Amino acid sequence: RKEVEQDPGPFNVPEGATVAFNCTYSNSASQSFFWYRQDCRKEPKLLMSVYSSGNEDGRFTAQLNRASQYISLLIRDSKLSDSATYLCVVNRGNNDMRFGAGTRLTVKP
Amino acid sequence: NAGVTQTPKFRVLKTGQSMTLLCAQDMNHEYMYWYRQDPGMGLRLIHYSVGEGTTAKGEVPDGYNVSRLKKQNFLLGLESAAPSQTSVYFCASRAQDRGRNSPLHFGNGTRLTVT
């Protein structure tokens, strides 16, 4: 089983839709969690950290469920500019930072 | 403030040649990382460092060596390149967690082709 798993998609949604991604991790000792966005042939860029209490940044909401070992990302009111690959990142301990394979999102007019 | 800088940006090698990729950060970050990304895949951790003079293996370390002689630099070496090492290589750094999650900051990547 991979350390960090994501549904690869692709997710194709219309503008204005709400879309959610999940990411599961296998190491229960994992300490910190992040969502990154990657555009084609570019470096990943931080979207948001994920905190136990859940956190929101504009149209984006991140949640952490330690009991079930997954994190989620919710995007509301999707924009064309949200089209990208979304990567979850897990600090599995000792600063060993692992990525999921990414979920590809395409927002269509 | 340049952040994380990778050199070179592009390189073509022949099988069996060696090369070193350089990563430099000017943010005084403790931790540095080397990842590779193959088409349609996420980033896979090659090696990382939690401080000057230290290195640790990631999930795909074979065929690579690293060194962190100075805090600001993290070098990735390929002693004998193989076509399977054709990939995009990303370097990243991050600060110590001090009561909050510390994210990764990335360089622009190095596109390596081994023929």
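Just so you know, all these numbers are worked out from the coordinates, no wet-lab data involved. All values derive from a computational prediction rather than experimental measurement. So basically every Cβ, Gly included, is an ideal-geometry build from the backbone, and we count neighbours across all protein chains shown.
In whole Hz, what ³J(HN,Hα) sequence does segment A:28-34 give by Karplus (6.51, -1.76, 1.60; θ = phi - 60°), x for Gly and Pro?
Couplings: 5, 8, 4, 10, 9, 9, 8 Hz.
So for B:Val114, A:Val90, fewest C-beta neighbours within 10 Å to most, what's the order?
B:Val114, A:Val90
What list of ³J(HN,Hα) couplings, whole Hz, do you get for segment B:75-89 from phi and the Karplus terms 6.51, -1.76, 1.60, once you set θ to phi - 60° and write x for glycine and proline?
9, 10, x, 10, 6, 9, 5, 10, x, 5, 8, 5, 5, 9, 10
Exactly which trypsin sites (Lys or Arg not before Pro) in segment A:71-109 are in a DSSP loop and have at most 14 other Cβ atoms within 10 Å?
A:Arg76, A:Lys79
If you line up the Cα atoms of segment A:2-94 on their principal axes, what length do they span on each, largest first, in Å?
Principal-axis extents of the Cα atoms in segment A:2-94, largest first: 38, 29, 20 Å.
Where nothing but the Cβ of Lys and Arg (+1) and of Asp and Glu (-1) is charged, how large is the charge dipole of the protein assembly as shown around its Cα centre, in debye to the nearest 20?
The dipole magnitude comes to about 280 debye.
Out of A:Val13, A:Gln31, A:Asn94, whose Cα points farthest toward the positive end of the dipole of chain A (charges: +1 Lys, Arg; -1 Asp, Glu; placed on Cβ)?
Going by the charge dipole, the pick is A:Asn94.
List B:Asp62, B:Asp26 from most exposed to least, where exposure is judged by having the fewest other Cβ atoms within 10 Å.
B:Asp62, B:Asp26
For the residues B:Arg94, A:Arg66, what sequence is obtained by ranking on other C-beta atoms within 10 Å, fewest first?
A:Arg66, B:Arg94
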